[in-house]
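Take a look at the structure set out below.
The values are calculated or read from the model by the stated rules, or taken from the named source; none is laboratory data. All values reported here derive from a predicted model rather than from experimental measurement. Cβ placement follows ideal geometry from the backbone for every residue including glycine, while neighbour counts extend to all protein chains displayed. Remember, those area values only see protein heavy atoms, side chains included, never the ligands or the DNA or RNA. Shrake-Rupley method; radii C 1.70, N 1.55, O 1.52, S 1.80 Å.
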Amino acid sequence: MSGQPAFGTAKNGQIFFHWEEFERHFDDRIFFAILAESAIAGPLARKAVALDRELGLQGWFVPEDHIHISLVGLGDHDGFPKELVEVACRIGSMIVAKPFEVSFDRLSAFGGGALVLRSSDGNPALQEFWRNLTAVISDSPLKPFLTRSIEPHITLLRDEVGVPKIRERPIDPVSWMVRDFVLIHSLIRKGIYKKPGRWQLTGQDDSLAGM
């Protein structure tokens, strides 16, 4: 039983005892992502500050070393899900892909007041990588934890009031070569990212390494 003891007063004036349920707070978020390399993350962080000022927003900025392309979420959890992370790391080691280029050339409002970068052409190589990763997870014990699939994007800042008013517009392309991907353990509301797994894109099956 979770909660705390409390007393109440019934309509007839009698005092009664009951358990008051705690509101549950999930502190641990697990997801696969592609972290922006430092040569890209720095300029993007500065661009977020400039856009915040230009658009009259009052945003919460994504820290420079947290800027990433969202791939696949594995849910929010009450405590660190050790077994789930172990399975996710095994899945990460099974993914076979070569490095590929990504490019983002649209500024857009997204759910939850997020100001994001998107791609006009959908980044075909990224889409293929994303679909393959999702397919492997869907055929694993982690399928029940798979969150709703969304278009891969880069979040720059969040402002739930101002961002929904922003109309999508083109920007100078932001491009780089993706050479690895990560599993991130985000400590919600603490601004901490841990990386239980990181895998290079070499075109070889890492799960067979050393065999």
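Which ³J(HN,Hα) values, rounded to whole Hz and listed in residue order, are derived for segment 163-177 from phi using the Karplus coefficients 6.51, -1.76 and 1.60 in 6.51 cos²θ - 1.76 cosθ + 1.60 with θ = phi - 60°, glycine and proline given as x?
4, x, 7, 7, 8, 4, 8, x, 9, 4, x, 10, 10, 6, 8
Give me the lysines in straight-line cross-link reach of LYS47: C-alpha distance below 21 Å, same-chain residues under 8 apart excluded.
LYS165
Roll a 1.4 angstrom probe over the protein heavy atoms and tell me the percent of accessible area of segment 107-211 that is carbon or sulfur.
Values: 3000 of 5900 Å².
Answer for segment 107-211: carbon and sulfur cover 51 percent of the accessible area.
Using the basic label-point model (7 angstrom from Cα toward the beta carbon), what is the GLN200 to GLU86 distance in nanometres?
2.7
Find how much the distance from PHE100 to GLU37 grows on full extension, using 0.36 nm per residue of separation minus their present alpha carbon separation; answer in nm with one decimal.
Numbers: separation 63, 0.36 × 63 = 22.68 nm, distance 1.36 nm.
Result: 21.3 nm gained on full extension.
Enter the accessible area per residue of segment 157-200 (Å², integer; probe 1.4 Å; all protein chains in place).
On the way: 2770 Å² over 44 residues.
Per-residue value: 63 Å².
Using 7 Å Cα-to-Cβ label points, what is the ARG53/THR134 separation (nm, one decimal)?
The two pseudo-label positions are separated by 3.8 nm.
Please compute the per residue accessible area over segment 27-118 with all protein chains in place, 1.4 Å probe, rounded to a whole number of Å².
Values: 4050 Å² over 92 residues.
Value for segment 27-118: 44 Å² per residue.
Starting from the Cα of GLU64, step 7 Å along the direction of its Cβ; do the same at ILE192; then give the gap between the two resulting points in nm.
That separation, rounded to one decimal, is 2.2 nm.
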